[in-house]
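To start, the structure itself, in structure tokens.
What follows is calculated from the coordinates using simple rules that are stated; it is not laboratory data. Values in this document were obtained by computation on a predicted structure and should not be read as measured data. When we count neighbours, we look across all protein chains shown, and the Cβ atoms used for this are built from the backbone with ideal geometry, even at glycine.
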């Protein structure tokens, strides 16, 4: 029996009672873009919804799928909080090779400046809305102290998350990288359906590969391996159903290659 058919028989009748991991997108986030090793404990320090509403001076910006919010080298005029959708933050080598630095989910802060410039390309992977904040709102004599504190905390969390991400890139196997990625994605954006977890994966295999420092072929191969081992089921290219979360990082599964 195909893995998807196997899981569908067990949870289809429970879809109507499916509940997301958080009631609001703001409960999913901690003010920083998602790195593969960041645990769900960041939710305890989430960016304040009240601050967001009180400082909503500029109208939201809407982005179509695959459009750019900014590119590396652009002058920074705004910092943004994602309110819906998913973005990627990427840098390119001179020869065109790409490294995705992080994925941004609702509530995450993107656009921190470095010497007044953006250091990454920010591209919408889905239909996305962001709330812009003027730099003067978070920096300078007239900055809001509470908003400034929240953005500073987000910046520190981003640095810590990036350090963890570097550790993952250098020390984990290909299987461990993808397994960790799926586990974190499930904790941030998963929906509980009975005893399983369904995760929408808006990024393509090439995006995941460029985030994890792998080839697209390796990512596709590990997805297939996890599906055949009934650790996950795939409902199309952008939906993963985690059947056995405890088996994701199992050495036995990883060594079946």
So for the pair residue 230, residue 163, with labels modelled 7 Å out along Cα→Cβ, what separation do we get in nm? 4.3 nm
Computed lengthening from residue 217 to residue 57, 0.36 nm per intervening residue step minus Cα-Cα distance: 53.1 nm
Order of 94-101, 219-226 by packing, highest average Cβ count within 10 Å first? 219-226, 94-101
Contour excess over end-to-end distance, with Cα ends at residue 98 and residue 72 and 0.36 nm allotted per residue: 8.1 nm
Please state the relative contact order of the range 165-218 as a whole percent: Cα pairs under 8 Å, 6+ residues apart? 29 percent
